[in-house]
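Just so it is clear, none of the values below were taken in a lab; they were calculated from the coordinates. Because the structure is predicted, anything quoted here is derived from the model rather than measured. Reconstructed Cβ throughout: ideal geometry from the backbone, glycine too, with neighbour counts over all protein chains shown.
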Amino acid sequence: DLLLVSQDITPMEKLNQTRSDFIANVSHELRTPLTVINGFVETMQDLPNLPADKREQFLALMKKDSDRMLTLLDDLLTLSRLENFDPTHKLQPINLSALVEQLSQEGMTLSGGKQTFDTVIEPNLWIQGVQLDLYNALSNLVFNAVRYNPEGGHIAIHLHSSDNAANARFSVTDNGPGIAAEHIPRLTERFYRVDAGRSRASGGTGLGLAIVKQLVELMGGKITIESELGHGSCFQFAVYLAPPVLIDTDKAIT
Ligand code: ADP
């Protein structure tokens with residue numbers, strides 16, 4: 001008798017493809033600044049008597065690219081920590097209202113008066129989470145609004161609880177350049193950028209929204225992106241004020 005075993009390997013192939021795309025992307029993102037640094041090191045070795053102003057200039061450029069590599073590595077570590085995160089551990093009650101208030105202030109500082117802000121934050125909304133990761137994720141949305149919005153733009157930051165007080169809705173809305181419809185579903189992919197040059201010029205790693213998505217889903221929420229080219233964008237998500245994913249399973253009665 002003959003036994004035929006067939007297995008659908010498509011999902012496995014897809015996973016391998018995603019993994020190798022990711023490695024190729026990381027390598028490329030690290031190679032670019034490293035090539036610059038390496039070039040300057042060689043130049044300085046070849047020309048030991050460089051005038052002081054040139055030396056300073058080269059060192060400043062090397063610093064900028066090494067900072068870029070550090071930011072990228074920090075984002076990669078955040079992503080990997082979130083991917084392997086066990087939600088039953090290390091959760092703390094977080095005052096989301098206070099965190100959003102702090103982020104609004106930081107957004108205004110980053111903006112330096114270039115944009116106007118409208119901040120409406122319902123006080124005293126608490127969730128369970130990890131303070132640092134939550135800060136990283138929310139700051140990406142606020143800082144993106146500042147980075148991608150031209151001078152004179154407007155940014156609205158809102159935090160409200162739902163009518164039944166079951167969840168909190170956080171949104172950042174801007175009236176900046178907006179994003180064309182075909183890009184929207186792909187924005188939360190790692191390293192996906194609409195305009196790579198512009199993203200890099202403002203210090204972007206292309207990982208910000210991937211981190212936001214990962215964190216929001218970990219908290220049992222979902223991120224929604226609405227945008228219209230030429231009119232602006234709105235990034236929002238809702239999280240449970242008592243997320244079921246965070247219930248301490250050790251203490252649950254089964
Ligand atoms: P980056 O580090 O490139 O900003 P993100 O993952 O944070 O990476 O964002 C992905 C892309 O989404 C950006 O490169 C940019 O093209 C687009 N984007 C994000 N936020 C906005 C915004 N508020 N307005 C317009 N485009 C945005």
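Computed values, structure above
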{"read-out": "Check on Glu228, touching a residue at least 40 places away in the same chain (Cβ under 8 Å), farther than 23 Å from Ile94 by Cα, more than 10 Å from the ligand (Cβ to nearest atom) and of a type outside the set (Gly, Ala, Ser)", "value": "yes"}
{"read-out": "Residues satisfying the stated conditions in region 185-217, i.e. more than 9 Å from the ligand (Cβ to nearest atom), touching a residue at least 12 places away in the same chain (Cβ under 8 Å) and surrounded by fewer than 21 Cβ atoms within 10 Å (Cβ to Cβ)", "value": "none"}
{"read-out": "Which listed residue, of Asn25, Asn38, is under 31 Å from the mean Cα position of the chain (by Cα), without any contact (Cβ under 8 Å) to a residue 12 or more places away in the chain and under 24 Å from Thr205 (Cβ atoms)", "value": "Asn38"}
{"read-out": "Residues (charged (D, E, K, R) and part of a helix (DSSP H, G or I)) located in region 90-113", "value": "Glu101, Glu106"}
{"read-out": "In region 151-177, residue nearest to the ligand (Cβ to nearest atom) [restricted to those that are under 17 Å from Ser97 (Cα atoms) and among the β-branched types (Val, Ile, Thr)]", "value": "Val172"}
{"read-out": "Candidate set from region 115-143 (those that are loosely packed, with under 14 Cβ neighbours inside 10 Å and within 16 Å of the ligand (Cβ to nearest atom)); member that is farthest from Thr205 (Cα to Cα)", "value": "Asp118"}
